[in-house]
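These notes concern the structure reproduced below.
The values are calculated or read from the model by the stated rules, or taken from the named source; none is laboratory data. Keep in mind it's a predicted model, so treat the numbers as computed, not measured. No Cβ is skipped: glycine too gets one built from the backbone with ideal geometry, and neighbour counts run over all protein chains shown. The protein model used for the area step is the full one, side chains on, heavy atoms only, and it has no ligands, DNA or RNA in it. Shrake-Rupley method; radii C 1.70, N 1.55, O 1.52, S 1.80 Å.
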Amino acid sequence: MHAFEYIRPASVADAAAKRSANDDSTYLAGGMTLIPTLKQRLAQPSQLLDLGGITELKGITLKDGVLTVGAMTSHADVAASSDVKKSIPALAVLAGSIGDPQVRDRGTLGGSIANSDPSADYPAAVVGLGATVHTNKRQISGDQFFKGLFETALEPGELIVKVSFPTPKRAAYMKFPNPASRYAVVGVMVAETATGIRVAVTGAGACAFRIPAMEAALAKSFSADAIKNITVPVSDMNNDMHATAEYRAHLVGVMAKRAIAAIA
Amino acid sequence: MTKVSVTVNGAARSGEVEPRTLLVEFLRVGLGLTGTHVGCDTSQCGACTVHLNGKPVKSCTMLALQADGQQVTTIEGVAKGDVLHPMQAAFKECHGLQCGFCTPGMVMSALGIVERHKADQLSEAVVRHELEGNLCRCTGYQGIVNAVLMGAKALGVKVV
Ligand SMILES: Cc1cc2nc3c(=O)[nH]c(=O)nc-3n(C[C@H](O)[C@H](O)[C@H](O)COP(=O)(O)OP(=O)(O)OC[C@H]3O[C@@H](n4cnc5c(N)ncnc54)[C@H](O)[C@@H]3O)c2cc1C
Ligand code: FES
Ligand code: FES
């Protein structure tokens, strides 16, 4: 790691002010991605702003059918929360499937989506449940948040404060985990929400995306059979040592059918 | 250099560190607590697992300064003097180690499993799932899983 200065801001306003005063500073959440990145010297910020001391970024509330999760809430806390299990059990399952217990105790919702790793789990929930990302500046709809490989709609220095998930009528998340890291080779969230059916995929492409053809078919008939002939273009799929593009395209169909079957 | 103060195994400890100093380096080099191991240095193997405020974390993927003002428990804080903790005794009894390199991390993770399940029950499948963050190159895991179940039972957890 290159040397840097370490600061623990006390509030969102304090963190954002320090960040805008220094182009070369970076927010630190649980460090589960950032610290390995610094070790490999893939990034060399001169200053880390540790969000760990900001209590307003932590916590889970359920009010008027909307579940709100603070950016610094750990995956373990989401997985164990009775409010999450009661309102969106699929989200508790998703959080509990991330990495391993030690990673779940440190990794955060905000850090996960800010990073937009193509194989991260949370993006499937943010897009698939029609969530809204609240930053220190504005609200961004889940559909507009992920822009590409490790790319989001966040502006430089923009801080994620919380994410709100409207409670769906039913939802299920199925993933094919990488057997070593547990990252999603492919993960699919299927949900029936107040605004219609959503099918969101992570792991397969550059970032999370929806499959409108599957959504339309499921709106007519909510069954695994209804989507059996719908495929995604192989040319849009990631191709790496973990899985070929063809295999990922195949897995999208398999995971979607499993998710539908779980709640049909 | 920056001052860091951490409660380690119940005692207030402090030292001067660079901001980039990892928690595991502070424990091993700064405090001489070499029971916590570094296996991979890439967040994969869990040999560096310690408890932060009672929960298992990988101390190779945390800065010492992130632990400032908090409670850390390492493997050195588990036994009572010369008397092994029931989980350590179970590892010995079940042949839950061969070279022993992964063992400190395994024991700290095992204690995390006990903590999470003390109010419900524990099965072999759950133990295997929750040991996903700890790698062992020697044992083939069977002895470790047996040890976690035996240790959990000794600590009053219902094992099914
Ligand atoms: C061994 C291992 C296995 C894993 N397996 C999985 C898995 O199966 N599935 C999965 O989805 N993930 C997995 N992860 C990733 C993990 O879940 C973390 O969520 C992810 O690494 C982000 O970590 P973090 O929250 O600690 O953020 P950090 O690493 O601290 O930060 C990540 C990035 O987000 C930025 N950032 C953080 N918080 C904010 C905020 N509030 N606003 C704006 N920007 C912010 C930071 O500046 C940084 O650029 C794994 C990680 C490890 C180490
Ligand atoms: S040394 Fe920390 S996880 Fe391997
Ligand atoms: S006993 Fe040797 S690595 Fe586990």
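At-a-glance table
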item: Net charge dipole size for the stretch B:2-77 [Lys, Arg +1 and Asp, Glu -1 on Cβ; Debye, nearest 20]; result: 120 debye
item: Accessible surface of the stretch B:86-159, 1.4 Å probe, proportion on carbon and sulfur as whole %; result: 55 percent
item: Efficiency of FRET between A:Asp236 and A:Gln139 - r from beta-carbon atoms, R0 25 angstrom, step 0.05; result: 0.30
item: Percent accessible area from carbon and sulfur atoms, the stretch A:170-263, protein chains only, probe 1.4 Å; result: 57 percent
item: Virtual spin-label span in nm between A:Ala180 and A:Ala21, 7 Å along Cα→Cβ; result: 4.3 nm
item: Members of the stretch B:1-41 that become less accessible by 40 Å² or more once partner protein chains are added (1.4 angstrom probe, chain alone as reference); result: B:Pro19, B:Arg20
item: FRET efficiency, B:Arg13 to A:Asp64 (Cβ-Cβ, R0 51 Å, nearest 0.05); result: 0.60
item: Among A:Met237, A:Ile260, A:Phe209 - extreme Cα towards positive end, dipole of the stretch A:170-263, charges at beta-carbon; result: A:Ile260
item: When each of A:Lys85/B:Lys80; A:Lys39/B:Lys3; A:Lys86/B:Lys80; B:Lys58/B:Lys153; A:Lys169/B:Lys158; A:Lys175/B:Lys58 is checked by Cα-Cα distance, pairs over 30 Å; result: A:Lys85/B:Lys80; A:Lys86/B:Lys80; A:Lys169/B:Lys158
item: Area hidden from solvent between A and B (accessible, protein heavy atoms only, 1.4 Å, total, Å²); result: 2100 Å²
item: Anisotropy class of the protein assembly as shown from Cα gyration tensor, a/c 1.5 cut; result: oblate
item: Dipole axis of the protein assembly as shown (+1 Lys, Arg; -1 Asp, Glu on Cβ), positive-most option in A:Val78, B:Asn9, B:Gln70; result: A:Val78
item: Size of charge dipole - the stretch B:110-154 - debye, nearest 20, with Cβ of Lys, Arg +1 and Asp, Glu -1, no other charges; result: 120 debye
item: Helix-only mean residue ellipticity at 222 nm for chain A, each DSSP H run of n ≥ 4 adding -39500 (n - 2.57), per residue, nearest 500; result: -9000 deg cm²/dmol
item: Accessible area per residue, Å², the stretch A:170-263 with all protein chains present, probe 1.4 Å; result: 45 Å²
item: Occluded residues from the stretch A:101-116, i.e. those whose accessible area drops by 10 Å² or more once the chain is not alone (1.4 Å probe); result: A:Pro101, A:Gln102, A:Val103, A:Arg104, A:Asp105, A:Arg106
